[in-house]
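Colleague: Shown below is the structure under consideration.
The values are calculated or read from the model by the stated rules, or taken from the named source; none is laboratory data. Just so it is clear, the structure is predicted and the values come from calculations on it, not from any experiment. Virtual Cβ from ideal backbone geometry, glycine too; neighbours counted across all protein chains shown.
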């Protein structure tokens, strides 16, 4: 299966990558920058690809937001112990530089300290600048690193700069600083290309998954009373025409099931595209504008038609819970619930194999899906205080339901009352709740993780 990969890097690094493509099924389109700070804009311009590849951690870290927006598999060539070891070997045995008065820049200093320890090199004469912080704080990246190395060079504290960034290498060389650019081993390039291909292939197979959708008119009985039988039938026919047009847009078939319900058969890929990766669904507002009715739409994905149909039925149930507006939910093959589209979209899992989630569910008597959604709520708020009103707004249910959930969490010793807030001069103060301890928190993936790809 051919996988189209967008690759981001400097001109020199990109040439090495293009010469290293392991097989014909990997099709690479290069996006070349002069400075790694240009990479986010290049990622935004990259359309129609199956995966994203970065020649190093710098462009990857700069583009984290854009990568998240694209929701595509992504990988960067790691500058790890292998890179550091090979670079030091080359410096000593090919350039003949045996000095330990060195300065480095790298995304994670642990790689360098690990190698120095193995080589029994005293780290006191070595200066290391990590650049993750510079990227996160949006500081003048290259200038900060150049200044760091240049100051050490001027003061005579170092004999050589070993940098992982091409633009820093070029600027320091121009200033007359003795500088060496880290060597990226062929193995690291090939491993990353193969991993990116595998993840892209998986993404393509997911896009071809079966997608089933159910559509129903909300409050149909009231419409029947208002329009009569003939008027209601005309409305159903008009809605059918709009849905047939929608079906053409996503290459899907539409069938009327009777009882005010339609079924849609298609594939996952076109639905991902038309919903802007599960964020919006314009057909909902179009139906309301043209027909003045609200509909519920539930979509399900699966490895077979039965699984997709079951997920679609559950998604339709969630959409039906939202009154007085058109609404839509999606449930993936991994039981991830996404929605409501066109609103503040959230996601949570219907099932969990996580002992922690299951444990909280067992303690509180709340469903796994509600616990999953609760954990998401706590993560979004960074485990800070929240009120019953905050919880009700997030779950989109009544304050009474929110209070019932809070009581179960309090009784199970999962949360505690941390204080009160008085938003208005009159009225009763609101209790502020916090999660009891860090045991409740779900371990988050390290942002510096080598791979990033959607579930």
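Colleague: Check segment 316-333 and report whether any residue there is under 20 Å from residue 375 (Cβ atoms) and surrounded by fewer than 18 Cβ atoms within 10 Å (Cβ to Cβ).
Modeller: The answer is no, given that none of the residues of segment 316-333 is under 20 Å from residue 375 (Cβ atoms) and surrounded by fewer than 18 Cβ atoms within 10 Å (Cβ to Cβ).
Colleague: Just to be sure I understand, how many residues within segment 79-96 are in contact with a helix residue (DSSP H, G or I) (Cβ under 6 Å, 6 or more places away or on another chain) and either modelled with pLDDT under 90 or part of a helix (DSSP H, G or I) (or both)?
Modeller: 3
Colleague: On to the next question. Residue under question is residue 148, and the condition is that it be outside the structural domain of residue 21 (by TED's automatic domain parsing) and outside any helix (DSSP H, G or I); does it hold?
Modeller: No.
Colleague: Which one is nearest to the chain's Cα centre (by Cα) among residues in segment 12-27 that are without any contact (Cβ under 8 Å) to a residue 60 or more places away in the chain and not in a loop (DSSP other than H, G, I, E, B)?
Modeller: It comes out as 27.
Colleague: Now a separate question. Quick check: is even one residue across segment 38-45 in a strand (DSSP E or B) and under 20 Å from residue 204 (Cβ atoms)? Explain how you work it out, then say what you get.
Modeller: Let us first name the residues in segment 38-45 that are in a strand (DSSP E or B), namely none.
Scanning segment 38-45, I find no residue that is in a strand (DSSP E or B) and under 20 Å from residue 204 (Cβ atoms), so the answer is no.
Colleague: For residues that are outside any helix (DSSP H, G or I) and either at pLDDT 95 or above or not assigned by TED's automatic domain parsing to the domain that holds residue 111 (or both), tally how many sit in segment 164-180. Before you say what the answer is, go through the steps one by one.
Modeller: First, the residues of segment 164-180 that are outside any helix (DSSP H, G or I): 164-165, 175-180.
Within this subset, residues satisfying the condition of being either at pLDDT 95 or above or not assigned by TED's automatic domain parsing to the domain that holds residue 111 (or both) are 175-180.
Looking only at that region, the number is 6.
Colleague: Would you point out the residue of segment 97-131, among those that are part of a strand (DSSP E or B) and free of Cβ contacts under 8 Å to residues at least 40 places away in the same chain, that is surrounded by the fewest Cβ atoms within 10 Å (Cβ to Cβ)? Steps first, please.
Modeller: We begin by selecting, within segment 97-131, every residue part of a strand (DSSP E or B); these are 102-106, 126-130.
Of the ones still in play, those that are also free of Cβ contacts under 8 Å to residues at least 40 places away in the same chain are 126-130.
Details: 126: 18, 127: 18, 128: 19, 129: 19, 130: 15.
Among residues in segment 97-131 that are part of a strand (DSSP E or B) and free of Cβ contacts under 8 Å to residues at least 40 places away in the same chain, the one surrounded by the fewest Cβ atoms within 10 Å (Cβ to Cβ) is 130.
Colleague: Give 241, 261 a once-over and let me know the one that is within 18 Å of residue 330 (Cα to Cα), more than 31 Å from the chain's Cα centre (by Cα) and not assigned by TED's automatic domain parsing to the domain that holds residue 90. Show your work before the answer.
Modeller: Working: 241 fails: within 18 Å of residue 330 (Cα to Cα).
The unique qualifying residue is 261.
Colleague: Taking segment 174-197 only, how many residues are without any contact (Cβ under 8 Å) to a residue 12 or more places away in the chain and exposed (fewer than 15 other Cβ atoms within 10 Å of the Cβ)? First the steps, then the outcome.
Modeller: Going through segment 174-197, the residues without any contact (Cβ under 8 Å) to a residue 12 or more places away in the chain turn out to be 174, 176, 191.
Narrowing the set further to residues that are exposed (fewer than 15 other Cβ atoms within 10 Å of the Cβ) leaves 174, 176.
Going through segment 174-197 one residue at a time, the tally reaches 2.
Colleague: Give me the helices (runs of 4 or more DSSP H) completely within segment 263-329, filtered to those with at least 2 residues that are touching a residue at least 12 places away in the same chain (Cβ under 8 Å) and within 9 Å of residue 212 (Cβ to Cβ), ordered by residue number.
Modeller: Details: elements: 268-274, 282-291, 305-320.
So the answer is 305-320.
Colleague: Of all the strands (runs of 3 or more DSSP E) wholly in segment 339-455, which have at least 2 residues that are at pLDDT below 90 and more than 28 Å from the chain's Cα centre (by Cα)?
Modeller: Counting at least 2 such residues, we get 415-421.
Colleague: Can residue 36 be described as at pLDDT below 95 and within 19 Å of residue 135 (Cα to Cα)? Before the answer, list the steps.
Modeller: Numbers: at pLDDT below 95: yes; within 19 Å of residue 135 (Cα to Cα): yes.
It is true that residue 36 is at pLDDT below 95 and within 19 Å of residue 135 (Cα to Cα).
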